[in-house]
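Everything below concerns the one structure shown next.
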Amino acid sequence: MREGARLRLLMTVDAVGGVWTYALDLAGALARHGVETVLAVLGPPPSPDQRAVAARSAGLRLVETGLPLEWLADSAAEVEATGEAIAALAAAQGADLVQLNTAGPAAAGRFRVPVVVACHSCVATWWRAMRGGPMPADFAWRTALVGRGYRRADLLVAPSASFAAATRAAYDLPETPLVIHNGRDASAAPRAAAQEVFAFTAGRLWDEGKDAATLDRAAALLPFPLLAAGPVRGPHGGVVALPHLRLLGQLPAVGIAGWLAAGPIFVSAARYEPFGLAVLEAAQAGCALVLADTPGFRELWDGAAVFVPPGGAEGFATALRALAADRERRATLGVAARERATRYGLDAQAGAMLEAYHRVLRGTGGERGRDVAA
């Protein structure tokens, strides 16, 4: 990086899940620090709504690469080729630094600038949380590839201490990833009292790790509706049936903010959730939180939420009914959630990431892509 020059960052992103929101928010916050960001889209193309949001975001340019995501690729060779293509794109864009939001491309790409890998999720930690035991072949090769990518990166960051520890254990890493909490700017949507009590959830409903099936069973036991925003069809084409939830489809951010502003009880039964941006959005809106009792949710929200053992539909229904009947308790929890959410601000995240970038830039030099022993 040239003395006094603006930092040029190339960051990978996908349009399938929360990494899209994470990347656009971070790029916008970094722009306030003078960082120029190119977002290289991997996997399925963004929707028209997503493209429109990106076009309005200051400090970033979107490049749709058509390259596969590692968890949607058919072979390690495809992901390795993606790494080479991203390295070439970084050179062509004059990037000073690359942030990969998926680790596989770091395994083979010969990057000439430092590489930071953000550990958002991976098949190894998902498998340990959801299944256990020997992995199937398509998980095994992805795990090996991600492990190589982690070891070739100049720095790993993770959004929570529990997920950082899980990542280190899954890949037998020599060091624990640096913890930098995700952040969001609180929505400007005005608070509006709901006419009736209702529960609300949001996320990738097709993803088994989010465990929408448990919420669907819980919804059948409730005297009030449980609304669910998010896709029921996954990128592989499979569709999950959730007959008891009131499905809202995939909503833009402003649509979700509108529902949260009505003051629902926000519920997440996720058994695998490295951070949970939807929970943070609900907390920022002052919603009472009912969450699965997992290490990550405990770490982030202990003392500011009601916790329920994962997978227990009756437990979730009981907690939701109790809160629905106790307006004072809902209000107390909403205040606690909003106060806790102030720890996870976007400015704090951007400042921590910028400090990490500069530390890496000061501490490494020369050509990337070196071999590191596993």
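The values are calculated or read from the model by the stated rules, or taken from the named source; none is laboratory data. Since we're looking at a predicted model, the values are computed, not measured. Positions of Cβ are generated from backbone atoms using ideal geometry, with glycine treated the same way; all protein chains shown enter the neighbour counts. Each accessible area value is taken on the protein alone, full model and side chains, heavy atoms only, with ligands, DNA and RNA left out. Shrake-Rupley method; radii C 1.70, N 1.55, O 1.52, S 1.80 Å.
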*With unit charges on the beta carbon (Lys/Arg positive, Asp/Glu negative), name the residue among 166, 41, 352 whose Cα is farthest towards the positive pole of the charge dipole of the chain.*
352
*asked:* Could you sort 74, 49 by their accessible area in this structure, using a 1.4 Å probe and putting the largest first?
replied: 74, 49
_Separation between Cα centres of the range 214-237 and the range 251-273, rounded to whole Å_ = 12
*asked:* With every protein chain left in place and a probe of 1.4 Å, what is the accessible surface of residue 125, to the nearest 10 Å²?
replied: 10
*For the range 244-314, report the convex hull volume of the alpha-carbon atoms normalised per residue, in Å³, without decimals.*
102
*asked:* Relative to 2.2 N^0.38 Å, what does the C-alpha radius of gyration of the chain come to as a ratio? Two decimals please.
replied: 0.98
*Output the DSSP H helices from the chain with an along-axis C-alpha extent of no less than 15 Å and a mean Kyte-Doolittle hydropathy no less than -1.0.*
18-31, 76-92, 137-152, 161-171, 313-324, 346-363
*Can you tell me the relative contact order of the chain? Whole percent, Cα pairs under 8 Å, sequence separation 6 or more.*
16
_Residues of the range 148-263: accessible area per residue with a 1.4 Å probe, Å²_ = 47
_Let me check something: with ligands and nucleic acids excluded, how do 224, 200 order by accessible area (1.4 Å probe), largest to smallest?_
224, 200
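Calculated from DSSP H runs of 4 or more alone, at -39500 (n - 2.57) each and per residue, what is the 222 nm mean residue ellipticity of the chain, nearest 500?
-12500 deg cm²/dmol
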*Output the direction-averaged projected area (hull surface divided by four) of the convex hull of the alpha-carbon atoms of the range 238-374, in nm².*
12.7
*Taking the Cα centre of the range 259-347 as origin and charging only Cβ (+1 Lys, Arg; -1 Asp, Glu), how large is the dipole, in debye to the nearest 20?*
180
*Taking the range 246-298 and dividing mean pair separation by its residue count, relative contact order in percent (alpha carbons under 8 Å, at least six apart)*: 40
*If you line up the Cα atoms of the range 149-301 on their principal axes, what length do they span on each, largest first, in Å?*
53, 35, 26
*To the nearest 10 square angstrom, what accessible area does residue 232 show with a 1.4 Å probe?*
40
*Work out the FRET efficiency for residue 221 and residue 362 from their Cβ-Cβ distance, taking R0 = 45 Å, and round it to the nearest 0.05.*
0.20
